[in-house]
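Student: Quick one: this structure, given as structure tokens, is what I'll be asking you about.
Laboratory data are not the source of any read-out in this text; all were calculated from the coordinates shown. All values derive from a computational prediction rather than experimental measurement. Here Cβ is always computed from backbone atoms with ideal geometry, including for glycine, and neighbour counts include all displayed protein chains.
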Amino acid sequence: LLSWASPTPSESSFKNCIGIASIILNPSSPLYTQALESSQQNPRWLNSTSKPLFIITPLKESEVQAAILCSKKHKLQVRIRSGGHDYEGLSFLADTPFVIIDLISLRSIEINLAEETAWVQTGATVGELYYKIAQLSKVHGFPAGLCPSIGLGGHISGGGFGTLLRKHGIAADHVLDAYLIDANGNLLDRKAMGEDLFWAIRGGGGGSFGIVLAWKIRLVRVPATVTAFTVGKTLEEGATKLFHRWQYIANKLHKDLFIRIIAQNLGGSGSGIRASFNSLFLGGKETLIPLMKEQFPELGLQEKDCIEMSWIQSTLYFSGYQKDDPLELLLNRTTTFKAYYKAKSDFVTVPIPETALEGVWKLFQEEDALALMITDPFGGRMDEISASHIAFPHRKGNIYNIQYMIKWDVNSNEIEKRHVQWIRKLYIYMAPYVSKSPRAAYFNYRDLDIGTNKHGGNTSYSEASVWGKKYFKGNFKRLAQVKTKADPGNFFRNEQSIPLL
Ligand code: FDA
């Protein structure tokens with residue numbers, strides 16, 4: 001990396017090249033550290049010595065174009081940051097001289113209720129979008145993720161799903177048009193970019209094809225009243241049997257019913273396990289209770305467990321707040337779950353035997369930090385969309401997705417090493433029970449353990465296939481074809497960017 005004791009030779013020429021109103025910070029600027037750290041969701045990455053030479057915060061699209069062209073001219077890599085939630089910090093870090101293009105000031109949201117669409121700039125968060133929709137309508141929503149501070153840039157690029165997944169599919173399924181700036185600084189809408197590139201940016205992952213400035217999305221209808229419940233069970237209360245049973249119905253339930261499980265260890269090593277059945281139903285409790293009696297009676301759902309609310313209140317509920325908390329909490333750009341963590345993901349196509357689940361709990365009990373396994377049911381709308389319709393490939397045949405996570409709160413390399421080793425051990429343990437050839441993974445739960453590009457991102461297609469086929473399955477080759485055409489110089493590259501063919 002270049003030293004910052006004195007200005008680097010390229011600093012003034014870089015600034016002159018940009019020569020516009022964008023805010024440009026370098027490490028000696030008073031606001032640099034704050035700008036770097038403000039949207040950092042995993043403090044692990046703050047320990048990195050890899051710091052950007054500049055943080056550029058464009059105020060309009062022409063400034064994004066200038067930032068790309070000047071970075072290219074000065075042979076600097078770019079890291080694009082929308083919400084900063086990348087699990088491996090790829091919107092913040094690079095092992096080569098680089099700049100961050102921070103989209104935080106480009107976050108307008110324009111809703112056209114008559115058309116049931118919206119234009120959203122990618123610096124906006126999921127929470128800002130939900131809030132804006134709810135200001136105009138109680139019966140519209142958008143099928144994206146649960147955490148309000150996730151940025152719409154990275155999130156939709158990688159797919160994006162939450163409680164409306166079974167009814168409406170994923171966020172990227174609802175993209176109708178987009179504005180993208182390519183490596184030559186061209187501003188392209190859907191027509192100008194062509195259907196192949198438009199296909200690729202819907203689920204093919206952020207950071208490979210250009211900078212998405214804005215998405216045109218289709219809103220979905222939600223009922224005025226929805227019902228949420230969270231029923232927690234310990235092992236003594238039959239959590240394992242219920243989990244096991246859930247696997248046989250989770251993806252076959254009525255489309256309006258989404259029941260996920262959050263399994264976790266309760267405190268220090270050797271302590272118990274709780275599996276929380278955490279659900280959203282698109283309707284009132286008078287419909288939900290008989291439906292649950294018919295489809296999942298073993299859970300024993302009772303009226304007292306059910307909380308009726310509006311859809312927007314459910315977004316608060318699922319992000320860890322109470323339904324009556326102020327909606328303005330959705331506008332907070334920092335996650336409530338901020339902690340040191342490492343995550344991994346899997347897809348399950350055949351129910352996991354009870355004995356194998358017991359083995360998972362044993363591993364959970366070895367950990368003194370918070371160990372989580374979050375299972376999101378598929379089926380419903382997900383079964384109706386072909387695996388190659390957009391670049392996101394995980395459709396019919398998946399019962400559920402698993403996200404494993406280990407979280408700790410002490411900043412220490414030694415402690416980090418121990419926890420990371422633990423989650424890798426869990427991942428190895430799970431291999432016989434999850435999808436195979438390839439063992440699929442969800443791009444938005446980015447995991448560099450599954451493989452990275454070599455040669456500073458100028459990797460070969462076959463080297464990149466090691467990780468690429470896990471995220472994109474049969475769509476990986478087409479993604480590489482699109483990349484070769486859209487960015488033949490491989491300007492947009494990182495540890496897991498789509499390679500040239
Ligand atoms: P960030 O800004 O870090 O970008 C992620 C990647 O996309 C980077 O490679 C970046 O360069 C690139 N990128 C960003 N903006 C771009 C743009 N405009 N154009 C092109 N590339 C761009 N997921 C999910 O599906 N459902 C969920 O419920 C959740 N919940 C959740 C909770 C929490 C606390 C975290 C930290 C994460 C999630 N996620 C999730 C995962 C989330 O979807 C994933 O991390 C997204 O990539 C985050 O997008 P950001 O824009 O915030 O990240």
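Student: Length gain on complete extension for the stretch D324 to S388, per 0.36 nm per residue less the alpha carbon to alpha carbon distance?
Tutor: 19.0 nm
Student: For segment 453-501, just say rounded, prolate or oblate: build the C-alpha gyration tensor, square-root its eigenvalues into a ≥ b ≥ c, call rounded for a/c under 1.5, and beyond that prolate if a/b exceeds b/c, oblate if not.
Tutor: Judged from the Cα gyration tensor, segment 453-501 comes out oblate (a/c at least 1.5, b/c at or above a/b).
Student: Continuing with the same structure: Among 390-402, 133-145, how do they line up by average Cβ neighbours within 10 Å per residue, starting with the highest?
Tutor: Descending packing order for the listed peptides: 390-402, 133-145.
Student: Here's a follow-up. Can you give me the angle between helix 354-366 and the longest principal axis of the chain, using Cα atoms only, in degrees from 0 to 90, rounded to the nearest 10?
Tutor: The answer is roughly 60 degrees.
Student: Give me the percent of Cα-Cα pairs in segment 235-293 that sit more than 19 Å apart, rounded to a whole number.
Tutor: 39 percent
Student: Return the whole-Å distance between the Cα centroid of segment 401-430 and the Cα centroid of segment 431-462.
Tutor: 18 Å
Student: Report the gain in length on full extension from S12 to S38: 0.36 nm times residue separation, minus Cα-Cα distance, nm rounded to one decimal.
Tutor: Going from the current span to full extension adds 6.8 nm.
Student: Something else about it: Sequence gap at least 6, Cα distance under 8 Å: using those rules, report the relative contact order of segment 9-102 to the nearest whole percent.
Tutor: 34 percent
Student: Ok, one more. Near T117, within a Cβ-to-Cβ distance under 15 Å, what is the net charge of the other residues, with Lys and Arg +1 and Asp and Glu -1?
Tutor: Neighbour charge sum, excluding T117 itself: -1.
Student: Pairing the Cα long axis of helix 413-430 with the longest principal axis of the chain, what angle in degrees results, from 0 to 90 and rounded to the nearest 10?
Tutor: Once rounded, the angle reads 60 degrees.
Student: Net charge near S91, counting Lys/Arg +1 and Asp/Glu -1 over other residues with Cβ under 13 Å of its Cβ?
Tutor: Net local charge, S91 excluded: -2.
Student: Let me ask something additional. Quick one: which of 67-75, 273-281, 358-366 comes out on top by average Cβ neighbours within 10 Å, and what's the full order, highest first?
Tutor: 273-281, 67-75, 358-366
Student: Still on this model: In whole percent, what relative contact order does the chain give with Cα contacts below 8 Å and a gap of six or more residues?
Tutor: Relative contact order, the chain: 15 percent.
Student: What is the log10 of I(q)/I(0) for the chain, computed with the Debye formula using one identical point scatterer on each Cα and no solvent, at q = 0.06, 0.07, 0.10, 0.12 Å⁻¹?
Tutor: -0.26, -0.36, -0.76, -1.11
Student: Taking each pair of distinct Cα atoms in segment 60-135 once, what is the resulting Kirkwood hydrodynamic radius in Å?
Tutor: The Cα-based Kirkwood calculation yields 14.1 Å.
Student: Could you give the nm distance between label points at R221 and L372, where each point is 7 Å from its Cα heading toward the beta carbon?
Tutor: Calculated label separation equals 3.4 nm.
Student: For the chain, can you list the cysteines whose C-beta has no other cysteine C-beta under 4.7 Å from it?
Tutor: Cysteines of the chain left without a disulfide-compatible partner: C147, C306.
Student: Using packing as a proxy for protection, rank 149-156, 304-311 so that the peptide with the highest average count of other Cβ atoms within 10 Å comes first.
Tutor: So the peptides 149-156, 304-311, ranked by packing, come out 149-156, 304-311.
Student: Follow-up question, since we're still on this one. Normalising by the residue count of segment 330-455, find the relative contact order in percent from Cα pairs under 8 Å and 6+ residues apart.
Tutor: Here the relative contact order equals 40 percent.
Student: At 7 Å along Cα-to-Cβ for each site, give me the label-to-label distance between A339 and H455 in nm.
Tutor: Placing both labels 7 Å beyond Cα along the Cβ direction yields 4.1 nm.
Student: Can you give the FRET efficiency for S462 and L69, using 1/(1 + (r/R0)^6), R0 = 45 Å, r = Cβ-Cβ distance, to the nearest 0.05?
Tutor: E between S462 and L69, to the nearest 0.05, is 0.90.
Student: What is the Cα radius of gyration of segment 24-90 over 2.2 N^0.38 Å, N being its residue count?
Tutor: Rounded to two decimals, the normalised Rg is 1.13.
Student: How large is the charge dipole for the chain, taken about the Cα centre, if only the Cβ atoms of Lys, Arg (+1) and Asp, Glu (-1) carry charge, to the nearest 20 debye?
Tutor: The calculated dipole for the chain is roughly 1060 debye.
Student: At a Förster distance of 51 Å, what's the computed FRET efficiency of E61 paired with E298, Cβ-Cβ distance as r, to 0.05?
Tutor: According to the calculation, E is roughly 0.40.
Student: To continue, here is another question. For the Cα atoms of the chain, what angle does the longest principal axis make with the long axis of helix 126-136, in degrees from 0 to 90, nearest 10?
Tutor: Between helix and principal axis, roughly 70 degrees.
Student: Using helices alone, what [θ] at 222 nm do you get for the chain, with -39,500 (n - 2.57) per DSSP H run of 4 or more residues, divided over all residues and rounded to the nearest 500?
Tutor: Helix contribution divided over all residues of the chain: -8500 deg cm²/dmol.
Student: Considering the dipole of the chain built from charges on the beta carbon (Lys and Arg +1, Asp and Glu -1) around the Cα centre, which of L93, Q264, I374 is farthest to its positive end?
Tutor: Of the listed residues, the answer is L93.
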